1. Would you pick out the residues in the range A:262-275 that are surrounded by 19 or more Cβ atoms within 10 Å (Cβ to Cβ) and more than 17 Å from the chain's Cα centre (by Cα)?
2. Can A:T68 be described as surrounded by fewer than 17 Cβ atoms within 10 Å (Cβ to Cβ), farther than 17 Å from A:V221 by Cβ and in contact (Cβ under 8 Å) with a residue 12 or more places away in the chain?
3. Do we find that A:P176 is within 14 Å of another protein chain (Cβ to nearest Cβ) and free of Cβ contacts under 8 Å to residues at least 60 places away in the same chain in this structure?
4. Please go through (1) in contact with a Gly (Cβ under 9 Å, 6 or more places away or on another chain); (2) buried (at least 24 other Cβ atoms within 10 Å of the Cβ) for A:G234 and return the number of the only condition it doesn't satisfy.
5. Of the residues A:M27, A:M95, which single one is assigned to a helix (DSSP H, G or I) and surrounded by 18 or more Cβ atoms within 10 Å (Cβ to Cβ)?
6. Could you tell me which residue of the range A:190-204 is farthest from A:L327 (Cα to Cα), considering only residues that are crowded, with 16+ Cβ neighbours inside 10 Å, within 23 Å of the chain's Cα centre (by Cα) and more than 8 Å from every other protein chain (Cβ to nearest Cβ)?
7. Can you pull out the residues in the range A:1-32 that are modelled with pLDDT of 95 or more, under 22 Å from A:P78 (Cβ atoms) and out of contact with any strand residue (DSSP E or B) (no Cβ under 7 Å at 6 or more places or on another chain)?
Amino acid sequence: MNERVAIVGVGWAGFRPKTPDLSYKEMIYQAAVRAYHDAKVDPRTDVDSFVTVAEDFHEGTSIADEYTPDQLGAVMKPMQTITGDGLHGLATAVMLVRTGLCRIVVVEGHSKASNILTLDSITAYAQDPVLNRPLRLNTHMVAGLEMNRYLHESGTDEEACAAVVVKNRRNALRNPLTSFGADLTLDEVLAGPPLAWPLGVHQTARPVDGAVVMVLANEQVARSLTDRPIWIAGIGWCNDTPSLESRSWATLPYLEQAAHMAYRQAGIRTPFEEIDFAEIDDTYAYKELQSIEALGLCGFGEAGALLKEGVFDLDGAFPVNASGGSLGAGHLLDATGLHRALEAVLQLRGEAGAHQLEDVQVALVQSWRGVPTTSGAVAVLTN
Amino acid sequence: MSLLQPDPQAPSVWRDNLPVTSRYTYGLAGERFFRILKDEGKIIGSICAACGATYVPARAFCERCMAELTEWTDVGLVGELHTFTVLFVDMEGRPLDEPELVGFVRFGDGGILHKLDADPDDLQIGMKMEAVLKPKAERIGAITDILGFRPVT
């Protein structure tokens, strides 16, 4: 078995709130051409298999996986679609390489959110049809319920959640791949319109369009293609019960499990000490704090205070979402995990530009599929 | 960057939609839960003899140990408010004229997610909440047979 798998090329298109000029295929094509150029591979001759992440209701097309090969150069090639987050796609690509079946695998994720005219209705259609959906409630209620219980049990306050927004949107001002960079005050965030109290509109990432493509290779091929491979040292994933009735409302046990899986592979015992920075879930501001804790970077209920002390700032001891996160860049739906992995790759290569972190060698990447899911995926990347 | 140059004069989009209509089988446990809610005005759960968990609403199998659940229990109409939220948008994302109070009321190891009939300022996590049911003649065997929960006075 081939033990080590590297990311040898990355490409992206976007990210912006609307893409009226490009079809989703053209957007993916742009990202793919960029990734293949970066990796110095020809998809028609060099790539052994392709993985995309896509969800039919987001695509607006039934059996959307049938529409994935052409824009990637994957016609007449092995191709599969994962209905999951981008990191689930990355995990699938890693496995294809590690089996030895494939030398080079491409993974793709995208969002054409601006073409989805009924996103809230689609998300509501993900609620349990018998127990929950008949109440005709917006699915942000799941986040409101979770945030309220998380604050209650952990002792975290609303100011800490607002501080996540201030940090991430300020970080976004340094990153050209973001749309929502802003220099806000805590009061401005807290005084914003409510969405699902205690959750406010400003604490909720807005969907954007974009595509991310990555080229993965086994160690031998990676070393022949590039002198700066980014290794996938560990990757894990886990789901809790889908039931709103039996899940935990304050903690993320599935994310703890996903992290254990990734840390075990990467040989990480003390993540805060051994990892340099993280790009993690901030779909809702409180999720960043809850995820920091579930990832074992601090104890339960400690993330809010550490964040307020500046530990997770761009120049802090452990930068979290230096890219601006989803609050700063916007949420790329199913491609969100790949967006975070992309930002981590750019940091580890020293190509992050104005938000580049100094001397970083190990990155933590994490993603969640959003309400109403309990699905977590974690990757550890090294340079 | 643009590898493909758009023509600003060109027609830009095609619109389409799909009416999706499905039916959802309640199943053995669901049918029992909703029949007893409709006929007797009771909330029932199921108990896992193997691991001791009480599932509310009742289900046919234990998600923790995969045992089949055959023991049913009436959990009453009063549970504990585990968490709550105030929703300011409707199912489609449009602003609501009247915000909606929603809570998760704990029964056993499960509970019921439903609307709350209360002043939000009076709500406290951990307080006792009572299910308000529709009159028997109007109940159809659905989660909407419960109108919501209100604080126990």
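The values are calculated or read from the model by the stated rules, or taken from the named source; none is laboratory data. This is a predicted model, so every value here is computed, not measured. With ideal geometry, Cβ positions are generated from the backbone for all residues, glycine too; neighbour counts draw on all protein chains shown.
1. Those that are surrounded by 19 or more Cβ atoms within 10 Å (Cβ to Cβ) and more than 17 Å from the chain's Cα centre (by Cα): A:Y263, A:A266, A:I268, A:P271, A:I275.
2. Values: surrounded by fewer than 17 Cβ atoms within 10 Å (Cβ to Cβ): no; farther than 17 Å from A:V221 by Cβ: yes; in contact (Cβ under 8 Å) with a residue 12 or more places away in the chain: yes.
It is false that A:T68 is surrounded by fewer than 17 Cβ atoms within 10 Å (Cβ to Cβ), farther than 17 Å from A:V221 by Cβ and in contact (Cβ under 8 Å) with a residue 12 or more places away in the chain.
3. Here the answer is no, as A:P176 does not meet what is asked.
4. Every condition holds for A:G234 apart from (2).
5. Working: A:M95 fails: surrounded by 18 or more Cβ atoms within 10 Å (Cβ to Cβ).
Going through A:M27, A:M95 in turn, just one is assigned to a helix (DSSP H, G or I) and surrounded by 18 or more Cβ atoms within 10 Å (Cβ to Cβ): A:M27.
6. Restricting to residues being crowded, with 16+ Cβ neighbours inside 10 Å, within 23 Å of the chain's Cα centre (by Cα) and more than 8 Å from every other protein chain (Cβ to nearest Cβ), the top hit is A:G200.
7. A:K25, A:Y29
Each row is one residue, and each column tells you yes or no for (1) of a type in the set (G, A, S); (2) in contact with a strand residue (DSSP E or B) (Cβ under 7 Å, 6 or more places away or on another chain).
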| position | (1), (2) |
| --- | --- |
| A:T251 | no, no |
| A:Y254 | no, yes |
| A:Q265 | no, yes |
| A:E279 | no, yes |
| A:S291 | yes, yes |
| A:P319 | no, yes |
| A:T336 | no, yes |
